[in-house]
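Novice: Have a look at this one before I ask anything.
The values are calculated or read from the model by the stated rules, or taken from the named source; none is laboratory data. Note that the structure is a prediction, hence the values are computed from the model and not measured. Reconstructed Cβ throughout: ideal geometry from the backbone, glycine too, with neighbour counts over all protein chains shown.
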């Protein structure tokens, strides 16, 4: 995968993961990786993933000039992961925060290898609690080892879901329910993380990485 400039948006198109480069002048100087998975290529369809990634107003396929090649069957997982890794390695001065633990919450050893090889890679924990809660001992050691690389995150603001996160991260409780049956059918266990690690997970790492965040109101 190559980039002609930092404002190129790389869109995976076609079952063979062909790449179409699209320069988005509205986001000059920002790299956006947009992946369209099993998208129906209708001229009047808006590309939700693109809109969420850029915050741009509603656009159609024709508006942004996306080219779909062959029959659309989605991108193979390992192809997508390889593209992501090449992007992170190619831009060592850019910090990347990987959503959903980089899709490796079920294989933390792989994510750890990625952290070791890519010091500019970070990860957040949105929508993967069910994978951590079924491997609490290994996950605990992982979070302690990489405590400067992991941030708290969620896909949406759902206050009733936060207690499940607190219970997994902060307690040593055993065999309790998860809140979404379609994510997981197994029980969860607490990781019992140390306070210093919890503070980094919840807010210290975010304050360090994200410029402009207010720094008042957080405990030391």
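Novice: Given the structure, is residue 210 within 22 Å of residue 99 (Cβ to Cβ), exposed (fewer than 12 other Cβ atoms within 10 Å of the Cβ) and without any contact (Cβ under 8 Å) to a residue 60 or more places away in the chain?
Specialist: Working: within 22 Å of residue 99 (Cβ to Cβ): yes; exposed (fewer than 12 other Cβ atoms within 10 Å of the Cβ): yes; without any contact (Cβ under 8 Å) to a residue 60 or more places away in the chain: yes.
Taking the combined requirement at face value, the residue satisfies it.
Novice: Taking the criterion of being under 27 Å from residue 119 (Cβ atoms) and either at pLDDT below 95 or in the same structural domain as residue 111 (by TED's automatic domain parsing) (or both), would at least one residue in the stretch 177-193 satisfy it?
Specialist: yes
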